[in-house]
Amino acid sequence: MTRLESIRSNAHSGLKLSTQFVLSCLLFFSSVTLAAEPVELKESADEKWYKGNLHTHSLWSDGDDYLEMIADWYKSHGYDFLSFTDHNVLAQSERWTVPEKNKGKLHAYKELKKRFPNWIEERKNKEGQIEVRLRTFQEVSDKLGEPGKYLLIQSEEVTDRFKNMPVHMNATNLHSLLTPLGGKSVYDVMQNNTNALLAQRERTGQKMMIHLNHPNFHYGVTAEELMKVIGENFFEVYNGHPGVDNRGDESHPSTDRMWDIILTKRLAELDLPIMYGLSTDDGHEYHNIPSRASEPGRGWVVVLSRNLDPESLVEAMEAGRFYASSGVKLKSITYSDHGLEIEIDPEEGVEYTTHFIGTLKGYPKQGIPVLDKRGHEVHATKRYSKKIGANLKTVKGPTAKYDFNGNEIYVRALIRSSKLHPNPAQTGEIERAWIQPMKGPGSPQK
């Protein structure tokens, strides 16, 4: 079965993508990662690094604060853009909430009145309780957004599942709501919802993207399932929710390890594009920072873009012109036919170690299924050779360089600092940065 036939056979009824559109997507994502000429990601007169979060929840679903308060928090903490991604809803309708009963309780209501005293609509219900109207996305964007300085992006967490396995996907810069489509497998769920976003993008002409959230949340998604999805080229290698198990456990790999398995298989065996890694907050609680709750300020992306608008940001990210971070800041990243070079923007008193990670030609392809105590196969990523995602070189200091030896299928970089994260998803975390992968000379050539 060809890739296009696979897309058609897995699409939900009524969702048909044109052959030309799918081919253009495949060609685009396959071509942007080739570094025929050196590509330097660095601020210039024409381009700037923009910091943003792509995963945020509010009282429109299961967050504990109002849209305007959350937008104000990110704006006051130096972010350039923010996506609201409430579960299966867009903040477009008229909706009222009872502060005494919602997740934020009276504390959130009092803070809202303090910050926006003249911008609250209230009424009393039949029981005599005060109700507050939830502001829409557009209202909050008009009030707090600033062209070229601060951008809010309408998005959605498409919250789906297969049996007892959660499959959550964030759709960024949506035109209209995506309804979860389900499927006959975890892979099928991901492909169906990806197809729905691609169809909306084709129909509207609006640039948008989809990414898989927290694959280790209840261990719902394996590397083998994610690696096969066509048109979905992003996933969360770091998610700031303390309950999503970024580190994995004895039966499940970390999200970093999953990334290397996915990259190796997609590039060397499946003839699919690079999978990019994101860092996000997945914030739900905003009133007791720092704590062990799901809070803002833990992970973000930094995108090199000509303009601060949704279309430019999506385009830049699709081209891999960004890095993910939980605290480490960069000056530049250079991709070339010779290798990968990084310059860190160092913080005084902090030490940095860069690990260049990749897979070389000739790696063992076979994976071993994970079994439970009774010998039954577990729904988990298989165990693969350590030659997949090997540490190819380690460099200490604010600059790091990796030169190709000719056998690399891909190379990415993980920067680890000596500084503890001030409010980590899991205790003991240090601040890090994830550099997007590039194809190496050992990758199969078309």
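Restricting to segment 84-110, what's the tally of residues that are open to solvent by 50 Å² or more (accessible area, probe 1.4 Å) and among the aromatic types (F, W, Y)?
Of the residues in segment 84-110, 1 are open to solvent by 50 Å² or more (accessible area, probe 1.4 Å) and among the aromatic types (F, W, Y).
Going through segment 78-90 one residue at a time, which ones are in contact (Cβ under 8 Å) with a residue 60 or more places away in the chain and either part of a loop (DSSP other than H, G, I, E, B) or within 10 Å of W60 (Cβ to Cβ) (or both)?
Residues satisfying the conditions are Y79, D80, F84, T85, D86, H87, N88, V89, L90.
Checking A390 against (1) open to solvent by less than 20 Å² (accessible area, probe 1.4 Å); (2) within 30 Å of E40 (Cβ to Cβ), which test does it fail?
Every listed condition holds for A390 apart from (1).
Can you tell me which residues in segment 126-153 are in a loop (DSSP other than H, G, I, E, B) and either closer than 18 Å to L112 by Cβ or open to solvent by 30 Å² or more (accessible area, probe 1.4 Å) (or both)?
Listed by number, the residues that qualify are K126, E127, G128, Q129, L134, R135, T136, P147, G148, K149.
Here are E111, E156: which of them is closer than 20 Å to H284 by Cα, touching a residue at least 60 places away in the same chain (Cβ under 8 Å) and part of a helix (DSSP H, G or I)?
Within the list E111, E156, the selection yields E111.
So L174 fits all but one of (1) within 22 Å of G389 (Cα to Cα); (2) of a type in the set (A, V, I, L, M); (3) not in a helix (DSSP H, G or I); what number is the exception?
So the condition that L174 fails would be (1).
Within segment 428-443, track down each residue that is farther than 17 Å from P38 by Cα and within 21 Å of the chain's Cα centre (by Cα).
Residues satisfying the conditions are E429, I430, E431, R432, A433, W434.
Within the bounds of segment 208-220, is there any residue that is farther than 24 Å from H379 by Cβ, open to solvent by 20 Å² or more (accessible area, probe 1.4 Å) and in contact (Cβ under 8 Å) with a residue 40 or more places away in the chain?
No, the conditions are met nowhere in segment 208-220.
Would you be able to tell me the number of residues in segment 343-373 that are part of a loop (DSSP other than H, G, I, E, B) and modelled with pLDDT of 95 or more?
16
The values are calculated or read from the model by the stated rules, or taken from the named source; none is laboratory data. None of these values were measured; they are calculated from a predicted model. Don't worry about glycine lacking a Cβ; one is built from the backbone with ideal geometry, like all the others, and counts go over all protein chains shown. These accessible areas exclude ligands, DNA and RNA; they are computed on the full protein's heavy atoms, side chains included. Shrake-Rupley method; radii C 1.70, N 1.55, O 1.52, S 1.80 Å.
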